[in-house]
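Comments concern the structure below.
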Amino acid sequence: MAFEKAGAMIAACKQRGGILLPLLEDINAEYGYLPEEVLRLITSELGYALSQLYSLATFYNLFRLEPRGRHFIQVCQGTACYVRGGQRILESVEGVLGVKEGETTSDRQFTVESVRCMGCCSLAPVLRVDEDTYGRMRTGRFRDIVKKYGRNER
Ligand code: FES
């Protein structure tokens, strides 16, 4: 079964009284998103309506309803990064990959998201690809960075 681990998480949650939010956090952490099949399993096992689950999932922006691409790109839009051109960095990333913030490329290689602060403001503007942090970004630099992750510019 593809979501065997989710089944165990749901069973454990049921024993703890069926509190939903920590369960969704665990599932999101395990799979990188909330698979619809797992949400349906929660409805049948714990008695929540599917609409309740989607309301929670869309209210908290830590949850994703679609799988991420192979590489996860975060572009900081916190104050320090924003005043140093973070918006232009985001636009250059979107332009190179041909997607908007929050989207995944059609080949499922890259997902782009903006974040509020990465805790390294002295390096502003900052972007992160997976676990790699790139500081003092310039708009043209992303074209070279993305090649390291197997993508040629458009
Ligand atoms: S505002 Fe971008 S790292 Fe803090």
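Where a number appears in this text, it was derived from the coordinates with a stated rule and is not lab data. Computed from a predicted structure; not experimentally measured. Here the Cβ is made from the backbone with ideal geometry for all residues, glycine too, and neighbour counts use every protein chain on show.
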- On full extension of the chain, what length is gained from Glu45 through Arg68, given 0.36 nm per residue of separation minus the C-alpha to C-alpha distance? 5.6 nm
- Query: Tell me, what HN-Hα J-couplings in whole Hz come from the Karplus equation 6.51 cos²θ - 1.76 cosθ + 1.60 at θ = phi - 60° for each residue of segment 17-23, using x for Gly and Pro?
  - Reply: x, x, 6, 7, 4, x, 5
- Item | Arg64 long-range amide H proximity, modeled H, under 5 Å | Leu34
- Least to most buried among Ile145, Ile10, Ile19 (fewest other Cβ within 10 Å first): Ile19, Ile145, Ile10
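Hey, got the dipole for segment 71-147? About the Cα centre, +1 on K and R Cβ, -1 on D and E Cβ, debye to the nearest 20?
Roughly 340 debye for segment 71-147.
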- Percent antiparallel among DSSP beta bridges confined to the chain, nearest 5, equals 55 percent
- Message: Tell me the mean residue ellipticity at 222 nm calculated for the chain from its helices only (DSSP H runs of n ≥ 4, each -39500 (n - 2.57), averaged over every residue, nearest 500).
- Response: -13000 deg cm²/dmol
- Query: Among all cysteines in the chain, which have no other cysteine Cβ under 4.7 Å from their own Cβ?
  - Reply: Cys13, Cys117, Cys120, Cys121
